[in-house]
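Down below is the structure, laid out as structure tokens.
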Amino acid sequence: MCTACACGTQDSTSAQVEITEGRVYPVSGMTCGHCVSSVSAEVESVGGVTGVQVDLATGLVTVSGAGFSDEEIRAAVDRAGYTLANASPVSASRTISVS
């Protein structure tokens, strides 16, 4: 049966749409690989986060996933011992992938 609209048509293929948000946050105080590990671990523990990339050279932390808030990310960075340099993300994007 067609899973897209339940019309009864026999169809062996189905599409799944996954919506993922990506936000970039400036974090101050990171100076080494341990800093990167600490921030990554705390941010990854936030519900809805599916990926974290920390760029030590720029101080930017890219967070992907859905359903997390800026305040949850701020709290995670604080728990790691660092500070978000700004109250809001530097940039935001939305990606839709179909598999």
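The values are calculated or read from the model by the stated rules, or taken from the named source; none is laboratory data. Note that the coordinates shown come from a computational prediction; the quantities given were computed from them, not determined experimentally. We place every Cβ from the backbone using ideal geometry, glycine too, and count neighbours over all the protein chains shown. Heads up: the accessible areas ignore ligands, DNA and RNA and are worked out on the full protein's heavy atoms, side chains in. Shrake-Rupley method; radii C 1.70, N 1.55, O 1.52, S 1.80 Å.
Quick look at the numbers
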| quantity | calculated |
| --- | --- |
| Within the range 17-68, considering residues that are under 18 Å from residue 81 (Cβ atoms), touching a strand residue (DSSP E or B) at 6+ places or on another chain (Cβ under 7 Å) and among the polar types (S, T, N, Q), the one least open to solvent (accessible area, probe 1.4 Å) | 40 |
| Count of residues meeting criterion [more than 17 Å from residue 31 (Cα to Cα), of a type in the set (Val, Ile, Thr) and part of a loop (DSSP other than H, G, I, E, B)] in the range 42-60 | 1 |
| Residues being open to solvent by 60 Å² or more (accessible area, probe 1.4 Å), modelled with pLDDT under 60 and either more than 14 Å from the chain's Cα centre (by Cα) or within 27 Å of residue 33 (Cβ to Cβ) (or both) - total across the range 69-92 | 2 |
